[in-house]
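Working notes, beginning with the structure itself.
Read-outs: derived from the displayed coordinates by stated rules, not from any lab. Here the structure is a predicted model, which means the values were calculated and not measured. Heads up, the Cβs are rebuilt from the backbone with ideal geometry, glycines too, and the neighbour counts pull from every protein chain shown.
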Amino acid sequence: MKIAVVGTGYVGLVAGACLAESGNDVVCVDKDEAKVRALRRGEMPFYEPGLEELVRRNRLERRLSFSATLPKAVHDSAVIFIAVGTPPGEDGSADVRQVLGVARDVAKAMNGYKVIVDKSTVPVGTSQQVRDVVRRETKHPFSVVSNPEFLKQGAAVDDFMKPDRVVIGVEDARGEALMREVYDPFTRTGAPVMVMDCASAELTKYAANAMLALRISFMNEVANVCELVGADVDQVRRAIGADRRIGTSFLFPGIGYGGSCFPKDVQALVRFAAEKEYEFRTLRAVEAVNASQKTILFSKMRTHFGGAKALKGKVVAVWGLSFKPKTDDMREAPSVPLIEALLAAGAKVQAYDPEARPVAKALFGDRIVLSEGNYEALEGADCLAIVTEWSEFRTPDFARIRKLMRAPVIFDGRNLFSPEHMAELGFTYYSIGRA
């Protein structure tokens, strides 16, 4: 099948490469000509495991191409995925102007029946807006489909190739048949294809992310209570996770969620519920808990050193800058407010991340030292803050750490180590929800 994907951001590029891998002829379209040229050279705009190899292979086999020309891509394709950004506005609502603009341009270029797919995360009712825009611009028949993505950064290629489920919001049989054909190669092992109305599909994406954000924030609050009463959050987490009604996923306490999805999707769901005069109180609480949790390591440091003023001149090593492992994304990352608070207190920050250093350089400039390795970041440090749970941080050389640091103090925002083991090694060790 010939497919066009409009937008070469995270969702669009992953979708385009994976659709090409299944044998389709895919053209990824972006209005940024410099970005298109870079992609043609094989340069990736972001880090995602396995994606660069997938793009390179399908480019060589001529199943995947990149273009800045939308009309030709529309002419040549049966299905057009819209995968452009829906950034949050000042009030938290999703801005769908790019989606509607692309829909308008697609309609103007249509030369026959097309399936127009909303792959972007959009509020309920966007599919109808797209349908209205397209009807105003063309007399050709078309179907509008809502097809939300459920990709985890760091595992996006696997998530697309082997999905838990495929959600298709569609109002007609012709569009449904073509979408089933598109996803048939990815669902042969039994992943359900869930066909529903467009409004339900649109809401599903927000509800899924909101539920995961809720679980994270709930467990972070449990961890905070554990510290107050002398309980161990790891024991609590394992015990409640054994309940089949609850399960173990997203019950690991930490220093808050970040990234491009959870924060903006929670805000958007709160906002469009408010537009229907409904106050989503649990999600407002989730936002407040998450914002507070991002300050917890700084609070522990302030207490340890004897107040914020005592942090002046201290050297703080930071391991991990991205909001999660296997990505270079620092949007809403807990590392950002932590580092800003440390700098405001007069501390010096020496940070390391395997992938996010260029992004951090753009964010912080010369205000922090960006080390080439995790041990280099420790030289002369008064303490270490572990912010992102990259695998290479899980079993470090503790003897080397002690030699490099001015004082053996660790603030572990991801509970990577055992408090008992750290005490045996002579470290002053602070974690989340444990003694």
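Multiplying the residue separation of E376 and K72 by 0.36 nm and removing their Cα-Cα distance gives an extension gain of 104.3 nm. Within a straight-line Cα-Cα reach of under 26 Å, K72 can be paired with the following lysines, leaving aside sequence neighbours fewer than 8 residues apart in one chain: K2, K31, K35, K108, K114, K119, K139. Computed over region 2-196, the alpha-carbon pair-distance distribution with 10 angstrom bins reads 9, 38, 39, 14, 0, each value a whole percent. Using C-alpha pairs below 8 Å separated by at least 6 residues, the relative contact order for the chain is 12 percent. Report note on the peptides 102-111, 23-32, 329-338: ranked by the mean count of other C-beta atoms within 10 Å, highest first, their order is 329-338, 23-32, 102-111. Taking the empirical scaling 2.2 N^0.38 Å for compact globular proteins as reference, region 294-430 has a Cα radius of gyration ratio of 0.95.
If the only charges are +1 at each Lys and Arg Cβ and -1 at each Asp and Glu Cβ, what is the size of the charge dipole of the chain around the Cα centre, to the nearest 20 debye?
Taking the Cα centre of the chain as origin, the dipole is about 380 debye.
Each of M219, Q129, Y430 was scored by the projection of its Cα onto the charge dipole of the chain, and the greatest displacement toward the positive side belongs to Q129; charges sit on the C-beta of Lys, Arg, Asp and Glu. Taken one residue at a time, the phi angles of region 298-308 give Karplus couplings (6.51, -1.76, 1.60, θ = phi - 60°) of 5, 4, 5, 5, 4, 5, 4, 8, x, x, 4 Hz. Gly and Pro are set to x.
Can you give the Kirkwood hydrodynamic radius for region 206-292, in Å, rounded to one decimal and based on Cα pairs? Kindly include the intermediate steps, with their values, before the conclusion.
Values: mean 1/r = 0.0730 Å⁻¹.
Hydrodynamic radius (Kirkwood, Cα pairs) of region 206-292 is 13.7 Å.
Taking the alpha-carbon centroid of each part, what is the distance from region 363-411 to region 146-212 in angstrom? Measuring centre to centre over Cα atoms gives 40 Å. Modelled this way, with points 7 Å down the Cα-to-C-beta line, the labels at E61 and D95 are 3.8 nm from one another. For V233, the shell of other residues with beta-carbons less than 9 Å away shows a net charge of -1, using +1 for Lys and Arg and -1 for Asp and Glu. For region 348-433, trypsin sites (Lys or Arg not before Pro) meeting the loop criterion (DSSP other than H, G, I, E, B) and having at most 15 other Cβ atoms within 10 Å: R394, R406.
With contacts taken as Cα pairs under 8 Å and at least 6 residues apart, region 205-333 reaches a relative contact order of 28 percent. Given the C-alpha centroids of region 79-137 and region 34-50, what is the distance between them in whole angstrom? Between the Cα centres of region 79-137 and region 34-50 lies a distance of 24 Å. Residues whose amide H lies under 5 Å from that of F250, counting only those 5 or more places away or on a different chain, are absent; hydrogens are built 1.01 Å from N in the peptide plane.
How much mean residue ellipticity at 222 nm does the chain get from its helices, if each DSSP H run of length 4 or more adds -39500 (n - 2.57) and you divide by all residues, to the nearest 500 deg cm²/dmol?
-13000 deg cm²/dmol
With the largest listed first and rounded to whole Å, the semi-axes of the equivalent ellipsoid of region 249-302 from the Cα gyration tensor are 25, 12, 10.
Taking Kirkwood radius over Cα pairs in Å straight from the coordinates, which label in (1) 20.9; (2) 23.4; (3) 25.7 is the correct one? Computing Kirkwood radius over Cα pairs in Å and matching it to (1) 20.9; (2) 23.4; (3) 25.7 gives (2).
Between the amide H of I168 and those of M194, V195, M196, distances stay under 5 Å, these residues lying 5 or more places away or on another chain, with hydrogens modeled in the peptide plane. Between region 233-272 and region 420-435, how far is it from one alpha carbon centroid to the other, in angstrom? If we compute the Cα centre of each part, the gap is 24 Å. Phi angles across region 164-180 convert, under the Karplus curve 6.51 cos²θ - 1.76 cosθ + 1.60 with θ = phi - 60°, into 3J(HN,Hα) values of 5, 7, 10, 9, 10, x, 8, 10, 8, 5, 5, x, 4, 4, 5, 5, 4 Hz, Gly and Pro given as x.
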